[in-house]
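The values are calculated or read from the model by the stated rules, or taken from the named source; none is laboratory data. This is a predicted model, so every value here is computed, not measured. Cβ atoms come from the backbone with ideal geometry, glycine included; neighbour counts cover every protein chain shown. Calculation scope for accessible area: heavy atoms of the full protein, side chains included, ligands and nucleic acids excluded. Shrake-Rupley method; radii C 1.70, N 1.55, O 1.52, S 1.80 Å.
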Amino acid sequence: MINTIKRIYIKNVLGVILTVLMLISFQSCNDFLDIVPDNVATIDNAFKNTIEAEKYLFTCYHYLPRSGSTDGNVGLLSGDEIWIPDFRQYFQAATWSTIARGNQNTTNPAANYWDGLGEGVDLYEAIRHCNIFLENVEDLNKVKDLPLDKRNRWIAEVKFLKAYYHFFLLRMYGPIVIVEKNLPISALPEEVRVKRRPIDECVSYIEDLLNVSYNDLPIVISNKTDELGRITRPINRAVKAKLLLLAASPLFNENSDYMNFTNKDGEKLFTYTGDDTKRIEKWQKAAEAAKDAIVEAEAAGNKLYYYTIPEFQMSDATMIQMGVRGAVTEKWNEEVIWANSYSLATRLQEAAMPILTSAMTARAYNSLAPTLKAVQTFYTYNGVPIDEDKTLDFNNIKELRTATIEERVNFEVRYETARINFDRENRFYASIGFDGGKWLTQDLPARVDYEAYVVKAKRGQISAGAAMGLFSETGYYVKKLVNWESQFASNTSLKTYPWPEIRLADVYLMYAEALNEVSGPVEDVHKYLDLIRERAGLKSVTESWTNYSKNPAKPTTKEGMREIIRQERLIELAFEGNRFWDLRRWKKAAEELNSPVLGWNISQKDALDYYQIRTVFQQKFIAPRDYLWPIRTAEMTVNSNLIQNPGW
């Protein structure tokens with residue numbers, strides 16, 4: 001019975017002893033995450049002095065999702081952006097085998113963050129630990145050697161973490177159980193059988209926690225040796241912007257699909273009035289929060305990352321591409337608002353890396369494959385979608401074309417590859433590896449960019465991979481996630497990096513999206529889109545659409561600009577796990593995830609046969625069911641007041 005009660009959503013009735021037993025089992029790979037009091041018998045001992053209390057602080061951090069891994073980054077492999085082989089010896093991905101393939105279920109849901117199964121993390125347990133910390137550290141009679149300024153900062157950090165864990169659950173499950181305080185062990189059964197709260201109440205609670213924690217957080221981390229990755233004011237404001245953007249988006253904002261979704265007592269869990277004014281009010285709040293986040297981040301020194309000091313001869317195009325790659329993989333670069341020190345991108349790089357030389361066969365696993373849909377999302381070099389560019393013809397994307405010497409920075413000269421790979425923007429070449437394309441690494445012997453290694457992906461060629469799932473299902477590779485200084489021979493080490501949870505570019509795009517919904521394509525909408533495009537080597541939205549698009553008036557309307565902003569997000573944040581969540585909050589998942597996953601015919605040697613479009617898998621998304629995660633059936637059995645999400 002105790003194990004069952006433990007999983008009830010407030011996660012508090014286990015009491016002190018079970019809490020401590022769980023704590024002493026945790027591990028961490030970072031200095032500031034060396035968690036857990038040693039040999040602590042009671043919670044009182046955990047808060048007897050500053051040293052022990054700090055260990056409990058890092059226990060609260062310990063639950064941050066492992067976004068720099070294939071199993072911990074929920075959005076990375078759950079959708080239609082990256083596909084992997086059926087047989088995967090070197091990494092796990094329950095999200096791909098279960099969610100992306102349409103096998104999600106209520107018996108054992110994948111990525112179960114409600115009670116920590118199916119490669120998930122028990123976030124209600126995390127919240128319980130946050131509450132234990134707050135109950136003790138807010139008491140000035142405990143941890144008496146803890147200075148007041150440090151005490152206030154720690155309290156603010158844990159309140160933020162508590163808010164973030166609630167937000168993470170909200171994004172997955174919709175209406176959730178709010179755990180303001182832990183219940184005592186003496187709680188009656190009816191007190192334990194808690195209900196899910198209406199979506200607006202959940203958002204308000206999380207927002208209040210973020211606001212309360214803001215003032216006592218540092219603006220920047222001054223102790224960069226020991227504290228990088230801990231929470232700051234810019235992180236707080238950026239997460240608030242994410243929260244309110246989610247609340248304003250079609251999935252949660254005036255969504256008629258959920259107008260009859262209620263608790264068992266009839267309490268409505270979603271607000272639906274049909275009033276457009278109410279809908280716009282939420283977008284207004286989101287826009288204000290995103291602008292605040294921009295101001296906060298820029299005041300702290302955040303700015304878009306540019307690669308400015310080449311290590312050897314590099315063209316302008318290569319410099320732009322290095323900036324795009326480095327914005328993700330250059331650790332602690334100035335664009336990253338929040339990097340997750342708990343989650344280092346190590347095996348993720350191995351999974352993404354194609355074999356380029358015979359020395360790489362031990363550690364380059366070739367397995368993360370961008371889908372043809374993801375490939376087609378990137379713009380032409382004119383900065384407009386491939387189906388809008390009036391100067392370039394992409395009607396036959398599989399048509400063979402031979403690379404010329406003028407294209408040698410991105411292509412092997414005289415190599416035959418598909419038309420879709422030519423005439424693309426620099427973010428395409430920075431993000432995606434393809435048959436006949438160049439892949440720049442820091443250990444390049446020639447020390448000039450146009451002599452970079454070449455991806456050769458047809459059957460029998462070096463990058464085609466091998467058995468045991470070490471191959472690309474589509475013929476493409478995720479270059480963006482691989483640090484250019486990483487080496488993949490058996491006796492070398494990777495240049496790892498803490499996963500960038502939030503980049504400044506993301507916040508710029510959040511602001512542009514929300515502001516456009518409120519006011520249409522006003523000056524600030526263009527300003528922040530154009531800053532991102534400028535880093536990518538593109539002209540402004542207005543100039544690109546005026547000169548190159550078949551639809552030059554598109555940026556002048558709210559609807560047209562909405563489409564542009566969404567595509568900019570899908571490009572700029574590609575392969576970082578955002579597309580899956582964006583398609584859901586835009587209510588576009590049913591449209592996008594019911595189409596086939598496409599790639600090249602990778603079993604062929606000849607170029608003409610290889611460049612035939614192949615259906616890798618036919619995805620299925622059932623709306624509105626699949627927009628929200630199912631709660632595990634066993635949880636419903638324990639708590640008779642809990643209601644399941646619609647359709648499950």
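Points worth noting:
- In segment 289-298, the qualifying residues are those that are open to solvent by less than 30 Å² (accessible area, probe 1.4 Å) and of a type outside the set (Asp, Glu), and the one that is farthest from LYS495 (Cα to Cα) is ALA289.
- Which listed residue is modelled with pLDDT of 95 or more and of a type outside the set (Lys, Arg), from VAL203, VAL192: VAL203
- Hits in segment 241-264 (condition: in contact (Cβ under 8 Å) with a residue 40 or more places away in the chain and either open to solvent by 30 Å² or more (accessible area, probe 1.4 Å) or of a type in the set (Asp, Glu) (or both)): LYS242, PRO250, ASP257, THR262, LYS264
- Screening segment 600-648 for residues that are open to solvent by less than 40 Å² (accessible area, probe 1.4 Å) and among the acidic types (Asp, Glu) and picking the one that is farthest from ILE397 (Cα to Cα) gives GLU635.
- Considering only residues in segment 595-648 that are of a type in the set (D, E, K, R) and touching a residue at least 60 places away in the same chain (Cβ under 8 Å), the one that is nearest to TYR477 (Cα to Cα) turns out to be LYS605.
- Any chance PRO552 is free of Cβ contacts under 8 Å to residues at least 12 places away in the same chain and either open to solvent by less than 40 Å² (accessible area, probe 1.4 Å) or outside any helix (DSSP H, G or I) (or both): yes
- Any chance VAL525 is touching a strand residue (DSSP E or B) at 6+ places or on another chain (Cβ under 7 Å), of a type in the set (A, V, I, L, M, F, W, C) and buried (at least 24 other Cβ atoms within 10 Å of the Cβ): no
- Hey, ALA110 within 22 Å of ALA374 (Cα to Cα) and in contact (Cβ under 8 Å) with a residue 12 or more places away in the chain or not: no
- The set of residues from segment 99-120 being modelled with pLDDT of 95 or more and not small (Gly, Ala, Ser) comprises ILE99, ARG101, ASN103, GLN104, ASN105, THR106, THR107, ASN108, PRO109, ASN112, TYR113, TRP114.
- The residues listed here are ASN333, ASN366, ASN426; of these, the one that is of a type in the set (S, T, N, Q) and open to solvent by 20 Å² or more (accessible area, probe 1.4 Å) is ASN426.
- Qualifying residue in segment 116-130 (condition: hydroxyl-bearing (Ser, Thr, Tyr) and crowded, with 21+ Cβ neighbours inside 10 Å): yes
- Residue list for segment 472-491, restricted to those being over 24 Å from the mean Cα position of the chain (by Cα), touching a residue at least 40 places away in the same chain (Cβ under 8 Å) and open to solvent by 10 Å² or more (accessible area, probe 1.4 Å): GLN487, ALA489, SER490
- Set side by side, the residues PHE621, PHE617, PHE575 differ, and just one is touching a strand residue (DSSP E or B) at 6+ places or on another chain (Cβ under 7 Å) and either small (Gly, Ala, Ser) or in a loop (DSSP other than H, G, I, E, B) (or both), which is PHE575.
- So ASN382, is it modelled with pLDDT of 95 or more, in contact with a strand residue (DSSP E or B) (Cβ under 6 Å, 6 or more places away or on another chain) and either open to solvent by 10 Å² or more (accessible area, probe 1.4 Å) or farther than 25 Å from ASP530 by Cα (or both): yes
- One residue stands out in segment 299-320 among those that are open to solvent by 20 Å² or more (accessible area, probe 1.4 Å) and polar (S, T, N, Q): the one that is nearest to the chain's Cα centre (by Cα), namely ASN302.
- Residue that is modelled with the highest pLDDT, among those in segment 265-283 that are surrounded by fewer than 13 Cβ atoms within 10 Å (Cβ to Cβ), among the charged types (D, E, K, R) and more than 31 Å from the chain's Cα centre (by Cα): ASP265
- Any hit, segment 432-441, residues being surrounded by fewer than 23 Cβ atoms within 10 Å (Cβ to Cβ) and free of Cβ contacts under 8 Å to residues at least 40 places away in the same chain: no
- Test: residue in segment 125-138 that is within 27 Å of LEU593 (Cβ to Cβ) and of a type outside the set (Gly, Ala, Ser): no
Condition check ((1) out of contact with any helix residue (DSSP H, G or I) (no Cβ under 7 Å at 6 or more places or on another chain); (2) open to solvent by 30 Å² or more (accessible area, probe 1.4 Å); (3) β-branched (Val, Ile, Thr); (4) assigned to a loop (DSSP other than H, G, I, E, B)) across all residues:
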position	(1), (2), (3), (4)
THR59	no, no, yes, no
ARG66	yes, yes, no, yes
THR70	no, no, yes, yes
ASN73	yes, no, no, yes
LEU76	yes, no, no, yes
GLY79	no, no, no, yes
ASP86	yes, yes, no, yes
SER97	yes, yes, no, no
ASN105	yes, yes, no, yes
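- Condition met for TRP332 (in contact with a strand residue (DSSP E or B) (Cβ under 7 Å, 6 or more places away or on another chain) and at positive phi): yes
- Note on segment 144-194: residues that are open to solvent by 70 Å² or more (accessible area, probe 1.4 Å), within 23 Å of ASN645 (Cα to Cα) and under 33 Å from the mean Cα position of the chain (by Cα) amount to 2.
- Under the condition of being free of Cβ contacts under 8 Å to residues at least 40 places away in the same chain and either buried (at least 20 other Cβ atoms within 10 Å of the Cβ) or among the hydrophobic types (A, V, I, L, M, F, W, C) (or both), the residues counted in segment 571-594 number 2.
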